[in-house]
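Engineer: Can you keep this structure in mind? I'll have questions shortly.
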Amino acid sequence: ETAASAAYARALARASVLTAAELESILTGLERVRRRIAEGESLDRFEDIHSAVELLLTEETGDAGLRLHTGRSRNEQVAVDEKLFLKAELPMLSAGIARVRHAAVELASAYPEAIVPGYTHLQPGQYVLFAHYFLSLLGPLDRAQSRLDEALRRLDFCPLGSGALAGSTVPLDREALAADLGFSGSTANSMDAVSDRSYILDVLYALAVLHLDLARFAEDFIIFATR
């Protein structure tokens, strides 16, 4: 939230809504607010994280903090924070998938001639190479990574400047604002931008399928450990 607010403050300054002195005060104040939250200050007295940042900023900067909300809506703040969260988390999930993939390849390489029973309907079936079994994990992992990549591609558009639903009352440079926050571009339609949550469902679906695939492999080891 503080990162999005800082970018929005810079956009307001580019639109001549904030003076250079006000911008500096707001950016300094936002960094103080970020530290206060990171250090564990209770936010129980606030309605949500957005009002917490805004009111804490006002405590730090006075009237300059009040001007940060010019032309901005809670609707677009929620959407941009969700997207920034996913943009930060998905690369870490991808790194985890890569580590599991690497481990599967290493195990397969370590035992190239080992033979294990393949199972079908919980009954021993044809014998297979242990390596062949472990390399069967690569398909699900690769598909999971592809789904997450596609979800990230679709969500990588900044909604700031959409207002509550009909756009901003401030002449913002939305492309510069999007670039400032690391997005590939800005959203095309303000009503769609503030109402869309399909990108969260995309990620949840990708993770649900990955969870099922990993659970299936875990169940295999339970079966392998039986008589």
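Engineer: Residues in region 97-108: is at least one acidic (D, E), surrounded by 12 or more Cβ atoms within 10 Å (Cβ to Cβ) and farther than 30 Å from R197 by Cβ?
Structural biologist: First, pick out the residues of region 97-108 that are acidic (D, E): 106.
Narrowing the set further to residues that are surrounded by 12 or more Cβ atoms within 10 Å (Cβ to Cβ) leaves none.
No: zero hits.
Engineer: Could you please find all residues in region 141-187 being closer than 29 Å to A206 by Cα and β-branched (V, I, T)?
Structural biologist: T187, the sole residue that qualifies.
Engineer: Report those helices (runs of 4 or more DSSP H) wholly inside region 19-66 carrying at least 1 residues which are open to solvent by 80 Å² or more (accessible area, probe 1.4 Å) and within 15 Å of D81 (Cβ to Cβ). Walk me through it before giving the result.
Structural biologist: Values: elements: 20-38, 49-61, 63-66.
So the answer is 20-38.
Engineer: While we're here: What pairs can you find where one residue is in region 32-49 and under 18 Å from S5 (Cβ atoms), the other is not in a helix (DSSP H, G or I) and not aliphatic (A, V, I, L, M), and their Cβ atoms are less than 6 Å apart, with a gap of 6+ or different chains?
Structural biologist: I49/E1
Engineer: For region 42-67, which positions are within 19 Å of A21 (Cβ to Cβ) and of a type in the set (D, E, K, R)?
Structural biologist: Just the residues of region 42-67 that are within 19 Å of A21 (Cβ to Cβ), to begin with: 57-67.
Matches in region 42-67: E59, E60, D63, R67.
Engineer: Just to be sure, is E82 assigned to a helix (DSSP H, G or I) and over 22 Å from the mean Cα position of the chain (by Cα)?
Structural biologist: On the way: assigned to a helix (DSSP H, G or I): yes; over 22 Å from the mean Cα position of the chain (by Cα): no.
It is false that E82 is assigned to a helix (DSSP H, G or I) and over 22 Å from the mean Cα position of the chain (by Cα).
Engineer: All but one of (1) in a loop (DSSP other than H, G, I, E, B); (2) more than 29 Å from P91 (Cβ to Cβ); (3) touching a residue at least 40 places away in the same chain (Cβ under 8 Å) hold for V116; which doesn't?
Structural biologist: (1)
Engineer: Out of all the residues in region 8-18, which are part of a helix (DSSP H, G or I) and either surrounded by fewer than 21 Cβ atoms within 10 Å (Cβ to Cβ) or among the aromatic types (F, W, Y) (or both)? Let's see the steps before the verdict.
Structural biologist: Initially, region 8-18 is screened for residues part of a helix (DSSP H, G or I), giving 8-14.
Listed by number, the residues that qualify are Y8, R10, A13, R14.
Engineer: Looking at (1) closer than 29 Å to D196 by Cβ; (2) among the small types (G, A, S); (3) open to solvent by less than 50 Å² (accessible area, probe 1.4 Å); (4) assigned to a helix (DSSP H, G or I), can you tell me which one G71 breaks?
Structural biologist: Of everything listed in (1) closer than 29 Å to D196 by Cβ; (2) among the small types (G, A, S); (3) open to solvent by less than 50 Å² (accessible area, probe 1.4 Å); (4) assigned to a helix (DSSP H, G or I), G71 misses just condition (4).
The values are calculated or read from the model by the stated rules, or taken from the named source; none is laboratory data. Computed from a predicted model, the values in this text were never measured in an experiment. Please note: Cβ atoms are built from the backbone with ideal geometry, for glycine as well, and neighbour counts cover all protein chains shown. Please note that ligands, DNA and RNA were not included when accessible areas were found on the heavy atoms of the full protein model with its side chains. Shrake-Rupley method; radii C 1.70, N 1.55, O 1.52, S 1.80 Å.
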